[in-house]
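In what follows, a single structure is set out as structure tokens and then discussed.
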Amino acid sequence: MEQCTPCGTPEQLKKLKAVINESRSTPGCLMHILQEAQGIYGYLPMEVQKTIAEGLGISLSEVYGVATFYSQFSLKPKGKHRISVCLGTACYVKGSDKILEEVEKQLGIKCGECTEDGLFSIDSCRCVGACGLAPVMMIGEEVYGKLTPDMVKGILDSYREETK
Amino acid sequence: MTIQELESIRKAKSDLIKVRRIVREEGEKLAKKTGYRKQVLVCGGTGCTSSHSMKVIEQLEKSLKELKLDDVLVVKTGCFGLCSLGPIMIVYPEGAFYSQMTPEHVNTVAEKHLVKGGEIVKELLYQGTVMKDGSVIPFAETPFYKKQLRIALRNCGVIAPEDIEEAIAAGDYEALEKVLTSMTPDDVINEMLASGLRGRGGAGFPTGRKWAFAKASEGEVKYVCCNADEGDPGAFMDRSVLEGDPHCVIEAMTIAGYAIGAHQGYVYVRAEYPIAVQRLKIAIDQAHERGLLGENILGLGFDFDIEVRLGAGAFVCGEETALMTSIEGHRGEPRPRPPFPAVKGLFGKPTILNNVETWANVNPIITKGAKWFSEIGTETSKGTKVFALGGNITNVGLVEVPMGTTLREIVEEIGGGIPNGRKFKAAQTGGPSGGCIPAQCIDTPIDYDNLLAIGSMMGSGGMIILDDSNCMVDISKFYLEFTADESCGKCTPCRIGTKRLLQLLTKITEGKGEPDDIQKIEELASHMKSSSLCALGQSAPNPVLSTMRYFRNEYEEHINEKKCEAGVCKAMLNFTIDKDKCIGCGLCAKNCPVNAISKTDYVAAGHKLPSMAIDGTKCIKCGACLANCKFKAIERK
């Protein structure tokens, strides 16, 4: 996933326009375009939503309505490493709320927020389907399973090391 | 592809697949015929991939190359079911079940077992397959597997899902061939009706009837949809089918298209399932290439195509009308029924929607016949049900059992019981829309109607096992947080009802409950059930009502005595130090994040230092003191 400034780069815009042109004739393409747009920009800034609305000839409110309905879409930028703690039932009964608490404590931010240096953001999710490894959290695409609160610091440190 | 070509693939590869279904002497004989002395199956499902099974495959291929073992076949399969033991690797023809593999372990197995004349490395096996006398049993004969009957999961963990030839050899596309060559659309629907198959997504509506309604609807354009938006947190049956045998869903949807007169299908799948999405897309491409999807399927004149649509994380999209609205690209809000989707569904056209597991049952019904299927299960619920067994149970994973199996068989035999010496308290089924089966109902045969009668529901198949460390009020609150968060907001009873219900539950767990709260909850719940627009709101109170039915004493204890027996609800917890056990080392005070612990003047007999005490007004009940005390002097009540 690419990092972005609020306005985005010309390359990002080019990619977005290509996606819109490619899919505009498919019925019900708005969600697909939003998903691709989030892949390009990392989130869905208002400018991007405007571009999509114009490209599809629909109102901005319709785009905004869809973008804010689904939890996968984010209107705020996310961290370089996106942490997602599973709060699905299987993880919850195995204490994933304590894992989330520990991640929040370690990073000094709350769920849904991004650290000031832009390195981490925390979200909760509803089941990644790795219930056999409960409780789990994901950082980017990597799944960490059978967690205990005392493992959290070490995992976060490994990402901090990597960036140094 | 023609029928002859389909036949020849089946012939060429069916022995290879058969070796993985039968074991011992017979399997060994057959293995010789296939040209592969050994087959190594490694799970590539989400569970095992998360525990790094790709590294296992990498190392395996490397080791085989180094040892020049070119008569050993490596197959990346879907889920075997026992996800907590991953990464899993099974070696055929012995059926030797290796668990929790690491690259080093793989190398050992290659050097000692996979080489010619090699022997099973017992220490690395799943110890449930090693008998007391030292003999080894195949995976299929373990208690976990023996009680299961795999219909929907028949090919999961058996074939390489990314290889269409393996799928064909394992029996996929046989039903489609039969339907297109020898059955009329009415024949197909009659077969589905006679089978007694009911929707596996939760509500249990008879599948054949749904199809018959859609067939009877007028219209040139109709649609077939697959609900793969498995929203119940803790359920992963549908994901495993898509990851392990995606072709069976493609085939079944095509059959339904033929039956109702539709030529376009949509699979709506959760974006949180990247592996399932990828495998499904590969399968669709391969089916296209081989002429099993698209125009003129098998040269028999029927056209059908399938498109994949990704969800974006909205639980309500599991509801049929909301799912269709979402495929249309809008906010996934439900709409009132009637008109039912079979009359006016996707893009305003007649549509049928079934969930993945339902689709996975269609092909065997066609090939083996409705009679065979209807003999499995109970009077009103035919066939099998897949459950995602999770929570506090030894064998976390995926199990498929005949309808009518008791909860006791699932928990104690297949599931291997409750770990850590804890006591079984209840099983939660149906997720945020369902309820719990308490310990006193553990011998109830599980089917649609029995579960409804005891106040739970089948749901899509999530089964979370709770033990005495779980507080039922807290669990209800957990589900209400979920539904309040996921309520789409379109109708008032659900939007506001879930919030109010959650407030009441929060109040109770915070120790501020009042005696009339139980009555308030019951009243509110009954309004929500009768007046919400869709199933999300109508069933949102279920977890509360069902726990109140069986665990009313817990609610009353929370309200009247301000006590949480399980010790989960923090506000009601009190940490105290037993002054006679405390030696005054001060470790608790060092670890207390809010400096709530200090020295007293009391020195217990036999101790040198004064004991410590906790200031209840400062304590945040984090439990750090308890975790650090080496003298068991701290009590949590």
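Worth a mention:
- Within segment B:396-427, the set of residues being open to solvent by 10 Å² or more (accessible area, probe 1.4 Å), more than 25 Å from B:Glu554 (Cβ to Cβ) and within 14 Å of chain A (Cβ to nearest Cβ) comprises B:Gly416 only.
- The criterion of at least 2 residues that are loosely packed, with under 15 Cβ neighbours inside 10 Å is met, among strands (runs of 3 or more DSSP E) falling completely within segment B:540-614, by B:597-599.
- Looking at B:Leu536, B:Leu524, just one residue is under 30 Å from B:Phe340 (Cα atoms) and either of a type in the set (D, E, K, R) or open to solvent by 20 Å² or more (accessible area, probe 1.4 Å) (or both), and that residue is B:Leu524.
- Residue count, segment A:64-101 (criterion: facing chain B (nearest Cβ under 10 Å), outside any helix (DSSP H, G or I) and not polar (S, T, N, Q)): 8
- The residues listed here are B:Ala589, B:Ala627; of these, the one that is more than 20 Å from B:Lys425 (Cβ to Cβ) and within 34 Å of the chain's Cα centre (by Cα) is B:Ala627.
- Residue match in segment B:436-451 (condition: at pLDDT 95 or above, in contact with a Phe, Trp or Tyr (Cβ under 7 Å, 6 or more places away or on another chain), of a type in the set (Gly, Ala, Ser) and open to solvent by 10 Å² or more (accessible area, probe 1.4 Å)): yes
Quick grid of which residues meet (1) in a helix (DSSP H, G or I); (2) within 13 Å of chain B (Cβ to nearest Cβ); (3) under 29 Å from B:Phe236 (Cβ atoms); (4) out of contact with any strand residue (DSSP E or B) (no Cβ under 9 Å at 6 or more places or on another chain):
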residue: A:Glu11; (1), (2), (3), (4): yes, no, no, yes
residue: A:Lys17; (1), (2), (3), (4): yes, no, no, yes
residue: A:Glu47; (1), (2), (3), (4): yes, no, no, yes
residue: A:Glu62; (1), (2), (3), (4): yes, yes, no, yes
residue: A:Val103; (1), (2), (3), (4): yes, no, yes, no
residue: A:Ile109; (1), (2), (3), (4): no, no, no, no
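- Qualifying position, being modelled with pLDDT of 95 or more, more than 10 Å from chain A (Cβ to nearest Cβ), in contact with a Lys or Arg (Cβ under 8 Å, 6 or more places away or on another chain) and open to solvent by 10 Å² or more (accessible area, probe 1.4 Å), among B:Tyr258, B:Tyr223: B:Tyr223
- For segment B:121-159, a residue qualifies if it is β-branched (Val, Ile, Thr) and open to solvent by 20 Å² or more (accessible area, probe 1.4 Å), and the qualifying residues are B:Val130, B:Val136, B:Ile137.
- Meets criteria (over 28 Å from B:Gly318 (Cβ atoms), surrounded by 14 or more Cβ atoms within 10 Å (Cβ to Cβ) and not charged (D, E, K, R)) for A:Leu30: no
- Complete set of residues in segment B:162-175 that are within 25 Å of the chain's Cα centre (by Cα) and farther than 22 Å from B:Gly257 by Cβ: B:Glu162, B:Asp163, B:Glu166, B:Ala170
- Of all residues in segment B:38-84, those satisfying the criterion of being open to solvent by 30 Å² or more (accessible area, probe 1.4 Å), in contact with a strand residue (DSSP E or B) (Cβ under 7 Å, 6 or more places away or on another chain) and more than 21 Å from B:Arg24 (Cα to Cα) are B:Glu61, B:Lys76.
- If the condition is being under 18 Å from the mean Cα position of the chain (by Cα), more than 8 Å from chain B (Cβ to nearest Cβ) and not charged (D, E, K, R), then segment A:19-42 contributes A:Ile33, A:Ala37, A:Gln38, A:Gly39, A:Ile40, A:Tyr41, A:Gly42.
- Checking the stated criteria, A:Lys80 turns out to be touching a residue at least 60 places away in the same chain (Cβ under 8 Å) and surrounded by fewer than 23 Cβ atoms within 10 Å (Cβ to Cβ).
- Considering residues of segment B:340-350 that are more than 10 Å from chain A (Cβ to nearest Cβ) and hydrophobic (A, V, I, L, M, F, W, C) only, the residue surrounded by the fewest Cβ atoms within 10 Å (Cβ to Cβ): B:Phe340
- Candidate set from segment B:428-482 (those that are part of a strand (DSSP E or B) and out of contact with any Lys or Arg (no Cβ under 9 Å at 6 or more places or on another chain)); member that is nearest to the other protein chains (Cβ to nearest Cβ): B:Ile464
- Figure legend. Inter-residue proximity from segment B:46-63: first residues away from chain A (no Cβ under 12 Å), second residues surrounded by fewer than 19 Cβ atoms within 10 Å (Cβ to Cβ) and assigned to a helix (DSSP H, G or I), beta-carbon distance below 8 Å, spacing 6+ or different chains. Indicated pairs: B:Lys55/B:Pro103; B:Val56/B:Pro103; B:Glu58/B:Pro103; B:Gln59/B:Pro103; B:Gln59/B:Asn107; B:Ser63/B:Asn107; B:Ser63/B:Glu111.
- A residue that is touching a residue at least 24 places away in the same chain (Cβ under 8 Å) and more than 14 Å from chain A (Cβ to nearest Cβ) occurs somewhere in segment B:226-241.
- Residue count for segment B:261-282 under the criterion of being open to solvent by less than 10 Å² (accessible area, probe 1.4 Å), away from every other protein chain (no Cβ under 11 Å) and under 15 Å from B:Leu310 (Cα atoms): the result is 5.
- Qualifying residue in segment B:317-339 (condition: within 8 Å of chain A (Cβ to nearest Cβ), among the hydroxyl-bearing types (Ser, Thr, Tyr) and open to solvent by less than 30 Å² (accessible area, probe 1.4 Å)): yes
- One residue from B:Ile393, B:Ile365 being under 25 Å from B:Cys83 (Cα atoms) and either crowded, with 19+ Cβ neighbours inside 10 Å or more than 9 Å from chain A (Cβ to nearest Cβ) (or both): B:Ile393
- Selection from segment A:111-140 of residues that are outside any strand (DSSP E or B) and either within 11 Å of A:Val152 (Cβ to Cβ) or more than 19 Å from the chain's Cα centre (by Cα) (or both): A:Cys131, A:Gly132, A:Leu133, A:Ala134, A:Pro135
- Output for segment B:487-501, where each listed residue is surrounded by fewer than 22 Cβ atoms within 10 Å (Cβ to Cβ) and touching a helix residue (DSSP H, G or I) at 6+ places or on another chain (Cβ under 7 Å): B:Gly489, B:Cys491, B:Pro493, B:Lys499, B:Arg500
The values are calculated or read from the model by the stated rules, or taken from the named source; none is laboratory data. Predicted model only: the values in this text are computed from it and were never measured. In this analysis, Cβ positions are derived from the backbone assuming ideal geometry, glycine residues included, and neighbour counts consider all displayed protein chains. The area values use the complete protein model at the heavy-atom level, side chains included, leaving out ligands, DNA and RNA. Shrake-Rupley method; radii C 1.70, N 1.55, O 1.52, S 1.80 Å.
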